Amino acid sequence: MRIILKKDVESVGKAGDLVNVSDGYARNFLIPRGLGIEASSKNMKALKNEIETTARRATKEKEAAQSMVERLEGVTCTISRKVGQQDKLFGSVSTKDIGDALREQGIEIDKRNILLEDPIKSLGEFSVKIKLHSGISADIKVVVAGEA
């Protein structure tokens, strides 16, 4: 029986593949569990439409990420923190703080997309990478200043 896989199945194929499997395996395992559907002409057309829709959506997301890179070029975030003796910060600057500072400038970035190895614990100027899409990232400048 010819089956279109809806999800990856080990030793059978990946999602979207058209595979030949035994009738019993298809009827008793793949189809009831929602792992595959019978390869009729209607289902083949639906699969083709779904693949095209996914490709269009990926293209739009990539274009949006490219435009966001252009918006982020030259952006500088200034974050003020209380400092103690010898210019040591009370606490640290985290991805949440950077996300909030970007939001104040009108740029919406999820804090999970801000790549910061360790929280910033000193005054100064730092370069922070922001992941926008797979393979597309931007660098912003974060300035940590002390409050009086």
key: Condition broken by N49, with the remaining ones in (1) farther than 30 Å from D139 by Cα; (2) in contact (Cβ under 8 Å) with a residue 12 or more places away in the chain; (3) in a helix (DSSP H, G or I) satisfied   = (2)
message = Condition check: closer than 30 Å to T59 by Cα and not hydroxyl-bearing (S, T, Y). Does Q86 satisfy that?
response = no
ask   = Is there any pair linking a residue in segment 81-105 that is surrounded by 17 or more Cβ atoms within 10 Å (Cβ to Cβ) to one that is hydroxyl-bearing (S, T, Y), with Cβ under 7 Å and at least six apart or on different chains, and which?
value = L89/S122
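Is there a residue in segment 56-70 that is farther than 22 Å from I140 by Cβ, free of Cβ contacts under 8 Å to residues at least 60 places away in the same chain and either surrounded by 11 or more Cβ atoms within 10 Å (Cβ to Cβ) or of a type in the set (S, T, Y) (or both)? If you could, list the steps in order and put the result at the bottom.
Of segment 56-70, the ones farther than 22 Å from I140 by Cβ are 56-60.
Retained after the next criterion (residues that are free of Cβ contacts under 8 Å to residues at least 60 places away in the same chain): 56-60.
Restricting the remaining residues to those that are either surrounded by 11 or more Cβ atoms within 10 Å (Cβ to Cβ) or of a type in the set (S, T, Y) (or both) gives 58-59.
Yes.
When you scan segment 75-148 for strands (runs of 3 or more DSSP E) that lie fully inside it, which ones turn up with 2 or more residues that are of a type in the set (S, T, Y)?
On the way: elements: 76-82, 88-93, 120-122, 124-133, 136-147.
Of the strands (runs of 3 or more DSSP E) lying wholly inside segment 75-148, those with at least 2 residues that are of a type in the set (S, T, Y) span 76-82.
Kindly establish whether S94 is more than 21 Å from the chain's Cα centre (by Cα), more than 30 Å from A15 (Cα to Cα) and small (G, A, S). Break it down stepwise before answering.
Values: more than 21 Å from the chain's Cα centre (by Cα): no; more than 30 Å from A15 (Cα to Cα): yes; small (G, A, S): yes.
Criteria not met by S94.
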task = Filter segment 18-46 down to residues that are surrounded by 14 or more Cβ atoms within 10 Å (Cβ to Cβ) and part of a loop (DSSP other than H, G, I, E, B), then give me how many there are.
result = 4
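Considering segment 71-80 alone, what residues qualify as being surrounded by 11 or more Cβ atoms within 10 Å (Cβ to Cβ) and among the charged types (D, E, K, R)?
Result: R71, single match.
Taken together, the values in this text are just the output of simple stated rules run on the coordinates, not laboratory data. What you see is a predicted model, and the numbers here were worked out from it, not measured in a lab. All Cβ positions, even for glycine, are placed from backbone atoms using ideal geometry, and neighbour counts span all protein chains on display.
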